[in-house]
Amino acid sequence: MADRVLFIGWDRPSRGREEKAVESFNDIVGLFGRMQQEGRLEKLDIVFLDPHGGDLGGYFMLHCSSEQIHAIEDDDDFRDAMARAEVCVDGLGMVEGFTGDAIAREMERYMKAVGTVPQMA
């Protein structure tokens, strides 16, 4: 079961590049679909957010193992698709995270670190 995630978020299409942004989105969805069929990622969530005044318009959440995430990040097709998206989408960003069973492990790590720091009232 996946205990890691790769979060890829974006703001909105760059003005005047909306059509290219849609093409880029469709290309990436197709790439992730193929990766999922091949077992290279376990689950894909695609989210569009309602307008809220912030700078996050939507995101992909790829549920994977650590090894799968690193293989995806090193994949030439993925890197090419992200480079194409970067020139037509504002605020594109990517970060790794933890989920599932990894939460307990990471919380234990955090609590251990908290124990090394004097607590203030």
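The values are calculated or read from the model by the stated rules, or taken from the named source; none is laboratory data. Keep in mind it's a predicted model, so treat the numbers as computed, not measured. FYI the Cβ positions are ideal-geometry reconstructions off the backbone, even for glycines, and counts take in every protein chain you see. These accessible areas exclude ligands, DNA and RNA; they are computed on the full protein's heavy atoms, side chains included. Shrake-Rupley method; radii C 1.70, N 1.55, O 1.52, S 1.80 Å.
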**Residue list for the range 72-121, restricted to those being part of a helix (DSSP H, G or I), of a type outside the set (Val, Ile, Thr), more than 18 Å from ASP3 (Cβ to Cβ) and open to solvent by less than 100 Å² (accessible area, probe 1.4 Å)** = ASP77, PHE78, ASP80, ALA81, MET82, ALA83, ALA85, ALA113
**Prompt:** Which of (1) open to solvent by less than 40 Å² (accessible area, probe 1.4 Å); (2) more than 26 Å from ALA102 (Cα to Cα); (3) touching a helix residue (DSSP H, G or I) at 6+ places or on another chain (Cβ under 6 Å) does GLY57 not meet, given it meets every other one?
**Reply:** (3)
**Prompt:** Can you name the residue in the range 2-12 that is open to solvent by less than 50 Å² (accessible area, probe 1.4 Å) and part of a strand (DSSP E or B) and is also nearest to ALA104 (Cα to Cα) among such residues?
**Reply:** ARG4
**Request:** Select from the range 24-54 the residues that are touching a residue at least 24 places away in the same chain (Cβ under 8 Å), assigned to a helix (DSSP H, G or I) and open to solvent by 50 Å² or more (accessible area, probe 1.4 Å) and write down the one among them that is nearest to GLY97 (Cα to Cα).
**Result:** PHE25
